[in-house]
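Enquirer: To start, I am sharing the structure in question, which I have written as structure tokens.
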């Protein structure tokens with residue numbers, strides 16, 4: 001599976017995205033992929049680690065796991081000039097058991113608010129594109145045939161390539177991990 005390159009990328013993250021998607025598509029004949037970004041409220045105190053995003057994503061993953069949706073996730077941390085980092089995220093869910101995707105945004109917002117202990121209204125970016133209702137919440141279906149399957153997979157890889165962009169990640173290593181993801185099972 002080759003990554004569609006749009007941005008100068010961090011190779012490690014590109015490889016993880018490829019492996020994560022490949023593993024998920026081997027496990028499920030239908031996969032729903034949802035992108036979202038998570039920001040801190042402007043008046044939130046300074047943060048020095050990734051504990052908040054880790055707790056938020058763990059809460060969301062646990063909720064979907066209880067629903068039998070076999071969640072996989074990836075998040076990347078970025079910070080350029082802002083006081084706080086922000087996170088670009090993707091969630092993969094079993095497409096046999098779920099259709100819509102907007103519930104993901106509600107669950108992430110609830111988990112983020114619970115994690116931070118404050119209002120997080122406006123802190124979750126839904127990564128939607130005006131005029132393209134199919135931009136987010138992409139379903140990849142093996143039963144659509146190999147041509148459509150490859151087109152959809154490549155659309156998802158193109159969208160997820162944004163998570164691997166090097167800009168805002170290579171300004172110096174601050175000792176923190178700049179991404180996290182589900183454990184990829186050995187195949």
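Enquirer: If a residue has to be under 25 Å from residue 30 (Cβ atoms) and part of a helix (DSSP H, G or I) to count, how many in region 102-157 make the cut?
Expert: Within region 102-157, residues that are under 25 Å from residue 30 (Cβ atoms) and part of a helix (DSSP H, G or I) number 23.
Enquirer: Turning to a different aspect of this structure: Scan region 65-92 for residues that are farther than 22 Å from residue 128 by Cα and either in a helix (DSSP H, G or I) or modelled with pLDDT of 95 or more (or both) and report the count.
Expert: Total meeting the criteria: 6.
Enquirer: Let me ask you something else. Could you tell me whether region 41-50 includes any residue that is surrounded by 14 or more Cβ atoms within 10 Å (Cβ to Cβ) and modelled with pLDDT of 95 or more?
Expert: Yes, region 41-50 has at least one match.
Enquirer: Only one of these conditions is not met by residue 70: (1) buried (at least 18 other Cβ atoms within 10 Å of the Cβ); (2) over 14 Å from residue 32 (Cα atoms); (3) without any contact (Cβ under 8 Å) to a residue 60 or more places away in the chain; (4) under 15 Å from the mean Cα position of the chain (by Cα). Which number is it?
Expert: The one condition residue 70 does not meet is (2).
Enquirer: Another question about this same structure. Six or more apart or on different chains, Cβ under 6 Å: which pairs go from a residue in region 108-135 that's at positive phi to one that's part of a loop (DSSP other than H, G, I, E, B)? Could you list them?
Expert: Correct list of pairs: 127/136.
Enquirer: So residue 17 clears everything in (1) assigned to a helix (DSSP H, G or I); (2) on the phi > 0 side of the Ramachandran plot except one condition, right? Which one?
Expert: The one condition residue 17 does not meet is (2).
Enquirer: Against the definition (at pLDDT 90 or above and more than 18 Å from the chain's Cα centre (by Cα)), how does residue 132 come out, yes or no?
Expert: no
The values are calculated or read from the model by the stated rules, or taken from the named source; none is laboratory data. The structure displayed is predicted, hence computed values, not measured ones. In this analysis, Cβ positions are derived from the backbone assuming ideal geometry, glycine residues included, and neighbour counts consider all displayed protein chains.
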